[in-house]
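Worksheet: the structure to be examined is printed underneath.
The values are calculated or read from the model by the stated rules, or taken from the named source; none is laboratory data. None of the values given here were measured: they were computed from a predicted structure. No Cβ is skipped: glycine too gets one built from the backbone with ideal geometry, and neighbour counts run over all protein chains shown. For accessibility, only protein heavy atoms count, side chains too; no ligands or nucleic acids. Shrake-Rupley method; radii C 1.70, N 1.55, O 1.52, S 1.80 Å.
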Amino acid sequence: MFQNLSKYALIFLFIALSGLIFLLCNIHTVENWNCHTISALYQLQSRIQSSFIPLGVPTFNHNHTFCAHLGQKPSPEDVLEERYLLDSIAWPLPPFRSTPIVLRQTSDPVHSLFAILPTKAGWEWHVDDQLEVLIQMHDFHGQPKHYGGDFLLARLHSPEHGAGVAGTVLDHKNGFYSALFPLLWVGSAQVEITMVHSSEAVAVLRRLREERPDRVYFKSLFRLGFLSETTVCNMCLPPEQQPLCNYTDLHTGEPWYCYKPKMLSCEHRINHAKGGYLKHIITNKEALLFQSGVNIKVHVHASGTDRINVLPSRTDIVDVEGSTMKPEPITLASSGYYYEDTWRPLDGFTMRQFNESSAITQCLRNKVINMYGDSTVRQWFEYLITILPELKEFDLHSPKNVGPFMAVDSTHNILLKYRCHGPPIRFSTVMSSEMRYISNEVDGLPGGPNTVVVLSIWAHFSTFPVEVYIRRLRHIRQALLRLMDRAPETFIVIRSANLQALDQEAVSQQIFFF
């Protein structure tokens, strides 16, 4: 019996050794398989592993703005600019509390109110005038608030005219706010004031942004042959917990790290993906500050009327003595407004309307349109390939909603491309080879009158300190300036949310903001 077992053991040992030799001889063939073909298999394997083995999300080092100053050291000019930008968006904080937050003492939009104030001429408004609204915030007891910091949105609109414009909200830091609106159309106009977040909720969000940038975490899959591991990644990770793989971009210095796999090397990273969201990072009492329909995006009611009727401009009205009444000059914070459901820019800009697909095609003829950023600009790509019948998407076998994407109109010589920006990006799985920083991509463009660059980048940075976003825009700005130096006739389109961090010297007739 033992003699038979010995024979079987030798047979099994021979088979095992043969399999190992075969694998070693063909390991390069395995590695050269198309990663797009087998990545789905490993993503499935990773999901199966993660369902049984936790990723081991680390305990974060909660230093103030821990992630903000990683990467290349900014120049003295960059430091001054950053300070200016941070001061320009500084938000009033509620007074310090030695006891936990009590919901009843926080801002309640239902008990709050606003009132339309008369002009110097009385209760009469004309186009080119400024409408002023006074807002007073109260708590859930109905008591007036005595400090500011509430996040309020103000809108003046007219459903009848398909018109609307955003107002400027001024915080008087004593519970009172002013909302200022430019009057831009003749006819009815209705004021709408919305409390998005109370001042107490804003303070919680600010603390999370500064101290818990890890509340959205990421992961990467590492693979060698049929061996794979998944680890946590982020812009900053506590290095004392385990070894790190450093993926800091060599050109921009933008930092990115992953925990090193236990069995594989850092160069075996094949993809990037959103890991998830940390839970239970606020207290139960803080959670009461974020109740839909209670203290998130709730309208503030008017103490009187919320409507006015706007008359024609005073410059068209001459009094009995023959003098012309001129309105006081006002500073417009809004870049434009809607009228008859059409956007109309202010400050003297002229905007062309493209109501027919043929007009859009004619505008884009002979153009290479390079789109970089988040889902906003990706939706532009999707819109264009939908509305332009001759613009056909070229199948790059890219993951849906991730890209890269490409579309071609060979008849009119149009090439349309989209690529998502580099980390942090909260899309589904992206191959690491496709993770590109916008500034590096722009540096690779030749530019010229037939080159168009479209940028939109902000949403995926909302959970990080503002300094991180400023740094990324600074690098993009530097790349755009280099592009304009070598090809000043290049057209650049930038989402207006990014305007603050752009050098005003870069604003020319070839750069447009939306």
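Note on the stretch 92-112: residues that are open to solvent by 40 Å² or more (accessible area, probe 1.4 Å) and part of a strand (DSSP E or B) total 2. Filtering the stretch 394-413 to residues that are surrounded by fewer than 17 Cβ atoms within 10 Å (Cβ to Cβ) and of a type in the set (Asp, Glu) leaves only Asp395.
Any residue at all in the stretch 276-291 that's at pLDDT 95 or above and part of a strand (DSSP E or B)? Within the stretch 276-291, not a single residue is at pLDDT 95 or above and part of a strand (DSSP E or B). Taking the stretch 428-466 as the search range and keeping residues that are hydroxyl-bearing (Ser, Thr, Tyr) and not in a loop (DSSP other than H, G, I, E, B), which one is nearest to Glu211 (Cα to Cα)? Only one residue fits best here, namely Ser456.
Let's see how each residue does on (1) open to solvent by less than 70 Å² (accessible area, probe 1.4 Å); (2) over 28 Å from the mean Cα position of the chain (by Cα); (3) closer than 20 Å to Val310 by Cα; (4) not charged (D, E, K, R):
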site	(1), (2), (3), (4)
Lys120	no, yes, yes, no
Trp125	yes, yes, yes, yes
Ile135	yes, yes, no, yes
Ser158	yes, yes, yes, yes
Thr168	yes, no, yes, yes
Tyr177	yes, no, no, yes
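For Ile470, the stated conditions do not hold, so it cannot be described as at pLDDT 90 or above and in contact with a strand residue (DSSP E or B) (Cβ under 8 Å, 6 or more places away or on another chain).
When we screen Leu384, Leu391, Leu416 for residues that are buried (at least 20 other Cβ atoms within 10 Å of the Cβ) and touching a residue at least 40 places away in the same chain (Cβ under 8 Å), the only hit is Leu416. The condition (being open to solvent by less than 50 Å² (accessible area, probe 1.4 Å), more than 26 Å from Ser439 (Cα to Cα), of a type outside the set (A, V, I, L, M) and at pLDDT 95 or above) is satisfied by just one residue among Ser265, Ser220: Ser265.
Kindly establish whether Val202 is open to solvent by 40 Å² or more (accessible area, probe 1.4 Å) and either within 28 Å of the chain's Cα centre (by Cα) or closer than 30 Å to Asp128 by Cβ (or both). When the stated conditions are applied, Val202 does not pass them. So which residues in the stretch 294-315 are open to solvent by 60 Å² or more (accessible area, probe 1.4 Å) and either under 24 Å from Gln190 (Cβ atoms) or of a type in the set (Lys, Arg) (or both)? Of everything in the stretch 294-315, those that are open to solvent by 60 Å² or more (accessible area, probe 1.4 Å) and either under 24 Å from Gln190 (Cβ atoms) or of a type in the set (Lys, Arg) (or both) turn out to be Lys297, His299, His301, Ser303, Thr305, Arg307, Asn309, Pro312.
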